[in-house]
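The values are calculated or read from the model by the stated rules, or taken from the named source; none is laboratory data. Treat the numbers as computed from the prediction; the structure is a model and nothing was measured. Cβ coordinates were reconstructed from backbone atoms using ideal geometry, including for glycine residues, and neighbour counts include every protein chain displayed.
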Amino acid sequence: MKSRVAWMVAGALLGVLVVAPWGGRSEAATGPATIRITDRELAVTRVDVGARGISPGDTEIVRLRLLERGTRTTIGRAELLCTFMDSVRSRVCRGTYFLPKGKLVVGGSILYRQFYELAVLGGTGLYDNARGTLRVTQTQRKPVRHVALFRLVG
């Protein structure tokens with residue numbers, strides 16, 4: 001009988017140890033914050049899968065180098081994958097911004113790549129469970145540069 005009780009106590013203790021790391025976790029690990037960075041476009045690759053030229057289902061892969069604001073110091077990179085929804089310019093995009101203290105995942109619709117706003121869907125590291133918006137504005141054409149403004153709310 002003592003053996004059975006000992007096994008039950010050991011099982012309960014194991015269950016507490018397994019579940020404990022999730023018990024103290026808050027819903028919004030990232031508090032309100034603003035992150036302003038600049039980027040430089042490294043490459044844009046279009047994959048034409050339908051009719052020749054831009055058509056629904058075509059994809060666009062955008063790679064960016066993230067720079068510390070006001071300098072040329074590289075602080076990370078970004079990758080966006082967009083799928084065209086029509087034969088003009090409407091596309092749905094999803095991307096990841098790789099920053100020194102974690103990653104931010106963004107997504108949404110883009111009509112013009114010169115200026116757009118995406119939702120911040122989450123993140124890792126310092127940005128664990130982040131929410132908010134990303135607003136991107138093109139500042140230069142050759143080479144293509146943008147200012148990216150993250151407004152995190154939680």
Legend entry - Index of the failed condition, ARG25 passing every other in (1) modelled with pLDDT under 90; (2) closer than 24 Å to ALA148 by Cα: (2)
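Find the residue count for region 132-146, including only residues that are aliphatic (A, V, I, L, M) and modelled with pLDDT under 95.
1
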Legend entry - Members of region 67-82 found to be closer than 19 Å to VAL106 by Cα and out of contact with any Phe, Trp or Tyr (no Cβ under 7 Å at 6 or more places or on another chain), listed by number: LEU67, ILE75, GLU79, LEU80, LEU81, CYS82
Inset, instruction - State the number of residues belonging to region 31-67 that are within 19 Å of GLN138 (Cβ to Cβ) and of a type outside the set (S, T, N, Q). - result: 18
Inset, instruction - Among residues belonging to region 94-147 that are outside any strand (DSSP E or B) and of a type in the set (Val, Ile, Thr), point out the one that is nearest to PRO32 (Cα to Cα). - result: THR124
